[in-house]
1. In this structure, is Ala133 surrounded by fewer than 16 Cβ atoms within 10 Å (Cβ to Cβ) and within 16 Å of Arg61 (Cα to Cα)?
2. Which residue out of Arg85, Arg15, Arg55 is among the basic types (Lys, Arg) and at pLDDT below 95?
3. How many residues, within segment 121-145, are among the hydrophobic types (A, V, I, L, M, F, W, C) and either out of contact with any strand residue (DSSP E or B) (no Cβ under 9 Å at 6 or more places or on another chain) or part of a loop (DSSP other than H, G, I, E, B) (or both)?
4. Which of the residues belonging to segment 96-116 are under 13 Å from Val71 (Cβ atoms) and within 14 Å of the chain's Cα centre (by Cα)?
5. Within segment 127-147, which residues are under 10 Å from Ser73 (Cβ atoms) and under 17 Å from the mean Cα position of the chain (by Cα)?
6. Go through segment 128-149 and give me each residue that's touching a helix residue (DSSP H, G or I) at 6+ places or on another chain (Cβ under 8 Å), touching a residue at least 40 places away in the same chain (Cβ under 8 Å) and not polar (S, T, N, Q).
7. Output the number of residues of segment 67-81 satisfying the condition of being of a type in the set (Gly, Ala, Ser), in contact with an Asp or Glu (Cβ under 8 Å, 6 or more places away or on another chain) and closer than 16 Å to Glu116 by Cα.
8. If I go through segment 100-117 residue by residue, how many of them are within 20 Å of Pro40 (Cα to Cα) and touching a residue at least 40 places away in the same chain (Cβ under 8 Å)?
Amino acid sequence: MKPQDLAAEYVPSTRERVRNQVSSYEATDGREGGTLEGRPVVILTTTGATSGKVRKTPVMRIERDGTYVAVASFGGAPNHPAWYRNLIAKPEVRLQDGAHVHHLRAREVFGEEKAEAWELADSRWPHFPEYRAKTEREIPILLLEPITP
């Protein structure tokens, strides 16, 4: 996410649970609102693909060696989550992991790289296999990699 994008208008989620979790997380550096079913989450900040407005979403914390994995499962819903479309259109993002803020670039993965990402994701969130089973769509996985200066 480019610095000028952070100055764009932030539009909180229409879902109260998401709004509250993002607010708590950011206010406490993840000490509150930092888990889902006891597993850690991070806050993914994207720029709206069409609106250009700032959007914030809690996603499962799946990290290895400074690279994060973002699974666009949307709980197995028939459509991709809005943040996926945002990442495809504008791949530079801000990610808050506790008190640490990272500037990353998203890249969708396929084939063997995706299979490896699924292994890691499944080890961190046990519901991913059931989400894959209940939807007919191919669930995208993106790697969020550090942007090198």
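1. No; evaluated as a whole, the condition is false for this residue.
2. Arg15
3. The qualifying residues number 3.
4. Answer for segment 96-116, where residues must be under 13 Å from Val71 (Cβ atoms) and within 14 Å of the chain's Cα centre (by Cα): Ala106, Glu108.
5. His127, Phe128, Tyr131, Ile139, Pro140, Ile141, listed by residue number.
6. Going through segment 128-149, the residues touching a helix residue (DSSP H, G or I) at 6+ places or on another chain (Cβ under 8 Å) turn out to be 128-135, 139-143.
Checking which are touching a residue at least 40 places away in the same chain (Cβ under 8 Å) leaves us with 128, 130-135, 139-143.
Phe128, Glu130, Tyr131, Arg132, Ala133, Lys134, Ile139, Pro140, Ile141, Leu142, Leu143, listed by residue number.
7. Residues that pass the stated criteria total 0.
8. Of the residues in that region, 4 qualify.
The values are calculated or read from the model by the stated rules, or taken from the named source; none is laboratory data. If you're wondering where the values come from, they're calculated on a predicted model, not measured in any experiment. Positions of Cβ are backbone-derived with ideal geometry, glycine not excepted, and every protein chain shown enters the neighbour counts.
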